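Working notes, structure below.
The values are calculated or read from the model by the stated rules, or taken from the named source; none is laboratory data. The structure presented is a predicted model; accordingly, all values stated were derived computationally and were not measured. Positions of Cβ are generated from backbone atoms using ideal geometry, with glycine treated the same way; all protein chains shown enter the neighbour counts. To get the accessible areas, we keep the full protein, side chains included, count just its heavy atoms, and leave off ligands, DNA and RNA. Shrake-Rupley method; radii C 1.70, N 1.55, O 1.52, S 1.80 Å.
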Amino acid sequence: MRKISFFDTTLRDGEQTPGVNLNLREKVEIARELALMGVDTIEAGFPASSQGSFNAVLEVAKEIKGVQVAGLCRAVAGDVQRAWEALRYADAPRIHIVIATSERHMLYKLRMSEEEVTEAAIKAIKTAKSYCSSVQFSAEDASRSDPAFLCRILYKAVAAGATVVNIPDTVGYATPAEYAALIAYVREHVDNIDKARIAAHCHNDLGMATANTLAAVSAGAEQVEVTINGIGERAGNAALEEVAMALNTRADFYDCEHNINTTHINRVCRLVSKYSGLEIAAGKAIIGDNAFRHQSGIHQHGVLTDRETYQIMTPESIGRYSGEQFVLGKLSGWHAFGDKLAELGFHLPENEIKSLFERFKLLADRKKEVTAKDIIAIVEGKMGDVKPVVELENYQILSANNVNSTATVCLDRGGERLQMAAIAGGPIDAAYKAITEMLGLELSLESYAIKAVTEGADALGEVTVRVKYNGSVYLGKGVATDVIKSSMLAYINAVNRIYADMIIKE
């Protein structure tokens, strides 16, 4: 069987999603989970684009072992050198060079001729090859490039030392049949293609990214470039979870294997959703809440009689629990809590389990039964926390219809006790006003969203906010059974990210 390599670009192309801004710790944690899941290559960023991106690639290269780490660069000597400086500590570094090859891009963006593009690409590849053995060349907008020129530049790229050549559908323009034909054309007309692996990188502008990627696999591509939850520029990229499960579920058709442990999918997809602030649509393939739900009576009867009548995968195959058979309460001990965390895919050190157990006990005092969904919400409410500078001590809200609300909020800021009251049109608005004035920060609330993450009258509510400070937007999340409390926790979480950023810049 052919072996398909998974190249994950969540930390690079995925972070280019509008509104997404992952911090260094979040990137390292996502990279760690990707490595555990079996991803072959992690593209950790574009080192020359900013100091923050450079630091992220450097930290991933240092921290994440046993997996190849890639850094993107343009076909420019300075970019290649910067990429190597960030990658030099990786177990298996890969320098990824990209330059556009379509007539439109060369004419309007690069203002370069075919000869100039080829010369720049070859020079960059040779420079990269002097640093490390693994060099990838990407012909940006390949699906709209002249096939003859594409084959000429790929031949010269391989001759110069490229070990992977990527044929991107950069703007999601190709159809599966066209894209498969292009991959086949490259295989047939690039004489030295056997000395490199062919990669597919597809965008989802027309909703065909996964279909195009799988068509490329059928046509002979050996590397798929994907992101978790399909996040990325514009409409996003091919989703790792969709490609992996398609190759598994239809192994009879694709006849290939890969290293992805699909039981990690649920955990990693939720982690990326948490840190990116991008909710997973209920109807999202593989990972959406409705992916394994059946409402129609005919469907329910069919599944009860024989699961495969309407279910071609199991929840367990992607690491989801199939039902709420496990219940914990206020009398449960932390060992049982730790066992349940492991069962749900959270393998955490003992000190973290004990910290989460305190939150569990507080919730158990308020709820008769704590379900698996509650436990997941507790863990995810803790994920993304930075070391708190500001913590909520207590609050009091006075609110009624047809009158303004008053919020009195007490905070602890590094051992300093702060308290302030504010009046506004609603209780949450008043609480945010009190916090903002108390801290003396010029903050503006860019967005606010709330959802129930568990069921019932005592459901946990998760609030997600985006707060703007000094030109940058910071994400904050809070989880509690009290909507006002979860709102304040989310706002304070964003504030703590601001303080953490201040410390880093100092």
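Loop only per DSSP, at most 12 neighbouring Cβ atoms within 10 Å: give me the chymotrypsin sites (Phe, Trp or Tyr not before Pro) in the range 1-65, ordered by residue number.
none
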Summing -39500 (n - 2.57) over every DSSP H run of at least 4 residues in the chain and dividing by its residue count gives a helix-only mean residue ellipticity at 222 nm, to the nearest 500 deg cm²/dmol, of -12500 deg cm²/dmol
Starting at the first residue of the range 266-279, write each ³J(HN,Hα) from the Karplus equation 6.51 cos²θ - 1.76 cosθ + 1.60 with θ = phi - 60°, in whole Hz, x for Gly and Pro.
-> 4, 4, 5, 4, 5, 4, 5, 4, 4, 6, 7, x, 9, 5
Would you pull out the residues with amide H under 5 Å of Ser447's amide H, same chain only if 5 or more places away, H placed 1.01 Å from N?
-> Arg466
Count neighbours as other Cβ atoms within 10 Å of each site's Cβ, and list the trypsin sites (Lys or Arg not before Pro) in the range 102-178 that are DSSP loop with at most 16 such neighbours.
-> Arg111
Dipole magnitude of the chain about its Cα centre, charges +1 at Lys/Arg Cβ and -1 at Asp/Glu Cβ only, in debye to the nearest 20?
-> 620 debye
Within-11-Å neighbourhood charge of Val467 [Cβ basis; K, R +1; D, E -1] | +1
Treat the range 87-207 as a sphere of radius equal to its Kirkwood radius over Cα pairs and apply Stokes-Einstein at 4 °C in a medium of 1.567 mPa s; give the translational diffusion coefficient in µm²/s, rounded to a whole number.
-> 89 µm²/s
Whole-Hz Karplus ³J(HN,Hα) for the range 349-354, in order, using 6.51 cos²θ - 1.76 cosθ + 1.60 and θ = phi - 60°, x for Gly and Pro?
-> x, 4, 5, 6, 4, 5
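Just to confirm, what accessible area per residue do you get for the chain at 1.4 Å probe, in whole Å²?
For the chain, the per-residue accessible area is 45 Å².
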Calculated from the structure, volume of the Cα convex hull per residue in Å³ equals which of [x] 174; [y] 224; [z] 131?
-> [x]
Filter on Lys156/Lys274; Lys62/Lys109; Lys274/Lys330; Lys340/Lys387; Lys129/Lys274 - keep pairs with C-alpha separation over 31 Å = Lys156/Lys274; Lys62/Lys109; Lys129/Lys274
Binned Cα-Cα distance frequencies in the range 224-264 - 5 Å width, integer % = 6, 24, 28, 22, 13, 7, 1
Toy charge model, Lys and Arg Cβ at +1, Asp and Glu Cβ at -1: the range 99-253 dipole around Cα centroid in debye, rounded to 20, equals 400 debye
Here FRET efficiency (C-beta to C-beta, Asn259 to Leu24, R₀ 30 Å, nearest 0.05) is 0.70
Net charge of neighbours whose Cβ lies under 13 Å from the Cβ of Pro427, counting Lys and Arg as +1 and Asp and Glu as -1 = 0
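Hey, any idea what the orientation-averaged projected area of the convex hull of the range 1-134's Cα atoms comes to, in nm²?
That works out to 9.4 nm², a quarter of the Cα hull's surface.
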Alpha-carbon centroids, the range 160-185 and the range 418-446: separation in whole Å = 52 Å
Alpha carbon centre of the range 17-77 versus the range 224-269: separation in Å?
-> 19 Å
Given a Förster distance of 51 Å, the FRET efficiency implied by the Cβ-Cβ spacing of Glu416 and Ala77, rounded to the nearest 0.05, works out to 0.50
From the phi of every residue in the range 406-418, what ³J(HN,Hα) in whole Hz does the Karplus formula 6.51 cos²θ - 1.76 cosθ + 1.60 yield, where θ is phi - 60° and glycine or proline is x?
-> 10, 10, 10, 10, 10, 10, 10, 10, x, x, 8, 8, 10
Could you list which residues have their amide H under 5 Å from that of Arg94, counting only those 5 or more apart in sequence or on another chain, with H placed in the peptide plane?
-> Val69, Ala70, Gly71
What residues from the range 144-168 fall in the zone where the backbone N is under 15 Å from a label point 7 Å along the Cα-to-C-beta line of Ser130?
-> 161
Residues whose modelled amide H sits under 5 Å from the amide H of Glu257, counting only those 5 or more places away in sequence or on another chain, are Arg2, Lys3, Ile4
Under 9 Å, Cβ to Cβ, from Ala209 - net charge with Lys/Arg +1 and Asp/Glu -1 | -3
